[in-house]
Amino acid sequence: MKRYLLLAVMMVSPLSWANSSPEFDKLVTELKVQYKEQESTRFGDYKKLGGLPHFLLHIDEKDTVEKIKLDAYLEGLQNGYYSALNRERDLNAPTWICMKNAMDLSPKKHPDLFKNLVWEVLDDTAKNDPQRFRRYNYGAGFAMSIDGIIEYGLQRKYPCYQPIPKVYQFKGWKYD
């Protein structure tokens, strides 16, 4: 049964992010299989809008209610980060990410930034910390929020310090 489910998931859902590594493809396929298996049970947070399961199960869909909700969630999240970064700069407050141009965070200028950032973080994590989402029988994959992935991705992509000091590192992520 698992083999058929794995084959079905691989054939039905093409990945949105084209430049992926074999480790990334394997991780995403494994996570999707785990999420599909848990859909029929009452366990797991696969239906939670801001969670990784919801993202992976619905990001490749077209014109479904869940896809529209997910796109709106990602756009709202990006608007929030964009507004917060601009406000911090207006107040001359220290920022936790250092972008050369804050407009790069604008949802109007780069509408797929956060979606691509999630794929980049998953690809990087699959290569550098392959057990990150497989721990506790994939429990870490079910509990992960998109917000947490995006925060880590922004901090890694636009660091203010090189290397990032331990005090500023997010717990559970590799910074090597």
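The values are calculated or read from the model by the stated rules, or taken from the named source; none is laboratory data. Please read all numbers here as calculations on a predicted model, not as lab measurements. Every residue, glycine among them, receives a Cβ derived from its backbone with ideal geometry; neighbour counts consider all protein chains shown.
What do you reckon, is Y161 surrounded by 15 or more Cβ atoms within 10 Å (Cβ to Cβ), hydroxyl-bearing (S, T, Y) and more than 15 Å from G51 (Cβ to Cβ)? Here the answer is no, as Y161 does not meet what is asked. On inspection, G139 fails the criterion of being free of Cβ contacts under 8 Å to residues at least 60 places away in the same chain and buried (at least 19 other Cβ atoms within 10 Å of the Cβ). Taking first residues from the stretch 156-175 that are over 16 Å from D124 (Cα atoms) and free of Cβ contacts under 8 Å to residues at least 24 places away in the same chain and partners that are exposed (fewer than 10 other Cβ atoms within 10 Å of the Cβ) and among the acidic types (D, E), the Cβ contacts under 9 Å between residues at least 6 apart in sequence or on separate chains come to P163/D176. The single condition among (1) closer than 28 Å to K69 by Cα; (2) modelled with pLDDT of 90 or more that K127 does not meet is (1). In summary, H54 fulfils each of the numbered conditions (1) closer than 28 Å to S106 by Cβ; (2) assigned to a loop (DSSP other than H, G, I, E, B); (3) modelled with pLDDT under 90 with the single exception of condition (2). Among the residues making up the stretch 1-51, those that are over 23 Å from K127 (Cβ atoms), in a loop (DSSP other than H, G, I, E, B), of a type outside the set (D, E, K, R) and at pLDDT below 75 are M1, S40, T41, F43, G44, Y46. Here S83 passes the criteria (1) of a type in the set (S, T, Y); (2) touching a helix residue (DSSP H, G or I) at 6+ places or on another chain (Cβ under 9 Å); (3) modelled with pLDDT of 85 or more except the one numbered (2).
Scanning the stretch 51-81 for residues that are touching a Pro at 6+ places or on another chain (Cβ under 8 Å) and within 20 Å of Y168 (Cα to Cα) yields a total of 0. If the condition is being of a type in the set (A, V, I, L, M), under 16 Å from L52 (Cα atoms) and surrounded by fewer than 15 Cβ atoms within 10 Å (Cβ to Cβ), then the stretch 69-95 contributes only A72. Within the stretch 79-97, the set of residues being free of Cβ contacts under 8 Å to residues at least 12 places away in the same chain and touching a Ser or Thr at 6+ places or on another chain (Cβ under 8 Å) comprises E88 only.
Residue check: N128 meets all listed conditions (1) farther than 15 Å from F55 by Cα; (2) among the polar types (S, T, N, Q); (3) out of contact with any Lys or Arg (no Cβ under 7 Å at 6 or more places or on another chain) but one, namely (3).
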